Amino acid sequence: MKQRYVYLLAILLTIVGMSIFAYKWRVLGFPLTADQETPVWTIESTVHFDSGPGSIKVNLLVPTLTPGFRVLNDNQVSRGYGFSLNYGAGGREAQWAVRRADGAQTIYYRVSVFEDPSADQSDTTPPFPPAPVINEPFRTAVDVLVSDVDEQSADVPSFTTLLLRRMNDPSPDPNVELLMSEVESSSDYVSTLTMLLASNRIPARAVHGFPLGGRQRRAEPVTWLEVHDGDRWRYFNPATGEENLPDRFLVWWRGDESLIRVEGGSNVEVDFAIQENHVDAVSIAKTQAAQAGTRVFDLSLYDLPIQTQAVYSVLLMIPIGALVMVVMRNIIGIDAFGTFMPVLIALAFRETQLLWGLLLFTLLVALGLSIRFLLERLRLLLVPRLGAVLIVVVMLMLLISLVANELGMETGLSVALFPMVIIAMTIERMSVVWEERGMGDAMRAGFGSLVVAVLAYIAMGMAWLEHLIFTFPELLLVILSIVLLMGRYTGYRLLELTRFKALAGGG
Amino acid sequence: MFATAKKLREAGVLGLNERNAEFIMRLNPRRLYPRVDDKVLTKELAIKAGMAVPDLYGVIRNQREVRTFEDIVESRESFVVKPAQGSGGDGILVIAGRSQRKRDSFRLASGVLISTAEIEHHLSNIVGGQYSLSGNPDKALIEYCVRFDPTFAEVSYQGVPDVRIIVYRGYPAMAMVRLPTRASDGKANLHQGAVGAGVDMSTGQTLTGVLDNDVVDEHPDTGALIAGLNIPQWDFILESAARGYEVTELGYLGVDIVIDRDRGPLILEMNARPGLNIQIANRTGLASRVRRIDELHDADASPEERAATARREFPAEHGDVSGQNLALL
């Protein structure tokens, strides 16, 4: 009956722990390892213009759908302007407005993005575009070109590629030459392309954005062609006809609309600057969690003050030590002094390093024990004797530190980190066992304590584990359930197999 | 390694984890512990139930009363000092007599002299809680020193041999005789180096002994054969042990009995967490006997009936295979 409750509780705890863990890992993207850093690009657009006499309204197209990227945050800086974000036909539009302003004006809009291959935000499927109205002589040129290309292609991608190849032919045919005579800029060129595609009833539009990489003072938006094949949007290089996007291409805006519209101002200029930084993956996950509106993060350790975080990164490893302790005691069957003394010793080892820790601990206990035997001759009462041992331990620690300092051994100073009360109790317990059961038992238990302490130290010192527990404290629930299960483990301890081996032999 | 675990399971060997989880936690409610952990209380309860115990000369309850020690033992030649809440035989002093030559001195069972001041210091330590399970202040008992029965004289070195009986739900399940050795300093505890000898439950005859998990035929100090000794008043001992269940209500109980030359079997103490070495001494698993008791269990059976059941059900299985076991080891 009790057995079943324990199993049930353990399963419940594991499920809760693992599902929070899985959610944070898979959905919120918390990193499993500590050194995971993600590059983050900050794109800053600076709008300069001279203010006119009247009210001013500035509209800037800003990133909306960014395949391959997620927006970490965006913000704007302007002096005295009212700011709003609106959704227009071409996507999101930042709008600044002010009643009046004097002189040259500058407005900043900044967005930080990071790569996320899963961020394939799909746009809606557009309707078939109406056939464009074209005047002669272009009309004939378009018709000939389109029907030509159409005959030699099978579907939308092949049509687009072929069309682009024809348009980019170094020795163009007369129709292309005619069409290209009107083209003055790359965006003109892309609008000509969309017009050509539209006349074959293929939805197409220009996409403008930036190939991200490194630091760019003055980035120029690059125009690419986006064609819908009835199923999804495809990207084409308008200069070569290849179907691809430049590496790390951040889409800033789509369509033929102009990037910026300023009412009541003149000499408008927009500059883009790009900077790449590396940000801890945890902070990206945090931001995403905040955006998703999940409350998981309200309880995050990362929101604690840094010093408290440092304390907890150590404290959270104690359950690991306890787990080691439980395994060693109940599964293996090793004798040790005190229930959790080895775990506390292991904590001290973290500061002193293992070898020094072992050396200092053994030295301290050995010295303490010999003095404890001297005290025994004085026949002190129990509590005063314990007090005396404690004082002696403190003095021994001081002595070791002083000697180490004199010898120039920095590590010797760390002896001060040992939990002195625990050591005093260990010395007392060890001396009682020594007297009652003999040296062998005392040494065996003392050695057992050290073995457990070393194993706990190793387990508690695993950096990946520390990161894992710190980032996903819910895993403690899983550890708790393991400990609960071991609490109902009624099988033999490993060392009992040798202890009772006479019985196994005799059957 | 797993093969060994399987064999042990087949042999019905009880492990520490199983003992703790299945027996002690299930059958021994914590509120009953004081009945066995406080030896003063155990003694009172046993006397009330009409069981024979060593006489209590005096109890020292605090540091102030340590001074009364000399008054308590004034007319006594021999006595035993023990902590009321001690465990595993720790803190017990067996005073065999007074020193002939030195005033204010006593002779320990080992022959070593001990001064009154040293005994008083020991008493202070006991009262201060050095030997108590929880480390809390404790009481010290001064009681009758058992003059043990000559049956075991040949197989004991100095101290007092005793009979440990595991009583499961009121039924005696397994027994062993614990024989002090030089190494155990006269104490009858196996982990201190005493020899344990299994006992045939039906006859009360000793089987071969075990020292530190190894089978021994002879006592390491005296060289006398351990097996084949008949424990006197075995029936009465089994019944007393069975009655321990009525006294303590503990379902998993260890009863320690000494056999006094003059007064017969006396209940020395009872234990709520009896160890598992008894299995090695008998070379029989406890788990299989426990299962049999669960089958036979009758809540209304009297201690005498339960003792009779034990005699009937648990004869020695290893009376003649000790030679084989030695070969295996």
Residue B:213 label point, 7 Å along Cα→Cβ, cut-off 17 Å on backbone N: hits in the range A:307-338?
A:328-336
At 7 Å along the Cα-to-beta-carbon direction for both residue A:73 and residue B:103, put a label point, then send me their distance in nm to one decimal.
9.0 nm
Set the bar at 27 Å for Cα to Cα. Now go through A:501/B:187; B:43/B:187; A:501/B:82 and name every pair that lies beyond it.
A:501/B:82
With springs connecting C-alpha atoms under 10 Å apart, model chain B as a Gaussian network and identify which of B:83, B:54, B:265 has the largest mean-square fluctuation.
B:54
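Round to the nearest 0.05 the FRET efficiency obtained for residue A:128 and residue A:277 when R0 = 41 Å and r is the Cβ-Cβ distance. Intermediate results must be reported in sequence, preceding the final value.
Numbers: r = 44 Å, r/R0 = 1.06.
Efficiency, rounded to the nearest 0.05: 0.40.
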What lysines sit close enough to residue A:24 to cross-link, taking a C-alpha to C-alpha distance under 18 Å and skipping anything fewer than 8 places away on the same chain?
A:286
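How high is the FRET efficiency from residue A:269 to residue A:116, r the C-beta distance, R0 30 Å, rounded to 0.05? Provide the component values of the computation, followed by the final result.
On the way: r = 32 Å, r/R0 = 1.07.
With R0 = 30 Å, the Cβ-Cβ based efficiency is 0.40.
At 222 nm, what value in deg cm²/dmol follows for chain A if DSSP H runs of at least 4 each add -39500 (n - 2.57) and the sum is divided by all its residues, to the nearest 500?
On the way: 17 runs with 235 residues, N = 507.
That comes out to -15000 deg cm²/dmol.
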Mind listing the long-range amide H neighbours of residue B:185? Cut-off is under 5 Å, sequence gap 5 or more, other chains count too, H placed in the peptide plane at 1.01 Å from N.
none
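If R₀ is 25 angstrom, what is the calculated FRET efficiency for the pair residue B:233 and residue B:44, using the beta carbon separation as r and rounding to 0.05? Can you show the working numbers first?
On the way: r = 24 Å, r/R0 = 0.95.
Plugging the Cβ-Cβ distance into 1/(1 + (r/R0)^6) gives 0.60.
Please give the peptides A:342-350, B:192-200, B:93-101 ranked by average Cβ packing (other Cβ atoms within 10 Å per residue), highest first, as a rough proxy for protection. Display every interim value, and only then the final one.
On the way: A:342-350: 24.1, B:192-200: 26.0, B:93-101: 15.2.
Order by mean packing, descending: B:192-200, A:342-350, B:93-101.
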Using the charge dipole of the protein assembly as shown (Lys, Arg: +1 at Cβ; Asp, Glu: -1 at Cβ; taken about the Cα centre), state which of A:362, A:480, B:171 has its Cα farthest towards the positive end.
B:171
Can you list the residues, at least 5 places off or on another chain, whose amide H is less than 5 Å from the amide H of residue A:334, using H built in the peptide plane?
A:329
Just to check I understand the Karplus step: with θ = phi - 60° and J = 6.51 cos²θ - 1.76 cosθ + 1.60, what whole-Hz values come out for the range B:29-45, glycine and proline as x?
x, 4, 5, 8, 4, x, 4, 10, 6, 9, 5, 5, 5, 4, 4, 4, 5
Quick one: if you stick a label point 7 Å off each Cα along the C-beta vector at residue A:231 and residue A:218, how many nm between them?
4.4 nm
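Which value, in debye to the nearest 20, gives the size of the charge dipole of the range B:55-143 about its Cα centre, when Lys and Arg are +1 and Asp and Glu are -1 at the Cβ? Don't skip to the answer; put the middle values down first.
Working: 11 positive and 12 negative charges, 41 e Å.
The calculation lands at about 200 debye.
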About its Cα centre, the protein assembly as shown carries a charge dipole, from +1 on Lys and Arg Cβ atoms and -1 on Asp and Glu Cβ atoms, whose size in debye to the nearest 20 is 3580 debye
HN-Hα J in Hz across the range A:348-355 - Karplus 6.51, -1.76, 1.60, θ = phi - 60°, x for Gly and Pro
5, 4, 3, 7, 8, 6, 4, 5
Along the charge dipole of the range B:55-143, which of B:122, B:141, B:110 sits closest to the positive end, that is, farthest toward it, with unit charges on the beta carbon of Lys, Arg, Asp and Glu (+1, +1, -1, -1)?
B:110
Please list 3J(HN,Hα) in residue order for the range A:40-55, calculated via the Karplus relation 6.51 cos²θ - 1.76 cosθ + 1.60 where θ = phi - 60°; whole Hz, with x for glycine and proline.
10, 9, 10, 10, 10, 10, 10, 9, 10, 6, 9, 6, x, x, x, 6
Taking the Cα centre as origin and putting +1 on Lys and Arg beta-carbons and -1 on Asp and Glu beta-carbons, what dipole magnitude results for the range A:318-460, to the nearest 20 debye?
260 debye
Say the dipole of the protein assembly as shown comes from +1 at the beta carbon of Lys and Arg and -1 at that of Asp and Glu; which of B:284, A:187, A:45 then lies farthest toward its positive end?
B:284
Separation of the range B:176-191 and the range A:348-392 by C-alpha centroid, Å?
31 Å
Using the basic label-point model (7 angstrom from Cα toward the beta carbon), what is the residue A:301 to residue A:314 distance in nanometres?
1.4 nm
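Each reported figure results from applying straightforward, stated rules to the coordinates on display, with no laboratory input. Because the structure is a prediction, the values reported are computed rather than measured. Here the Cβ is made from the backbone with ideal geometry for all residues, glycine too, and neighbour counts use every protein chain on show.
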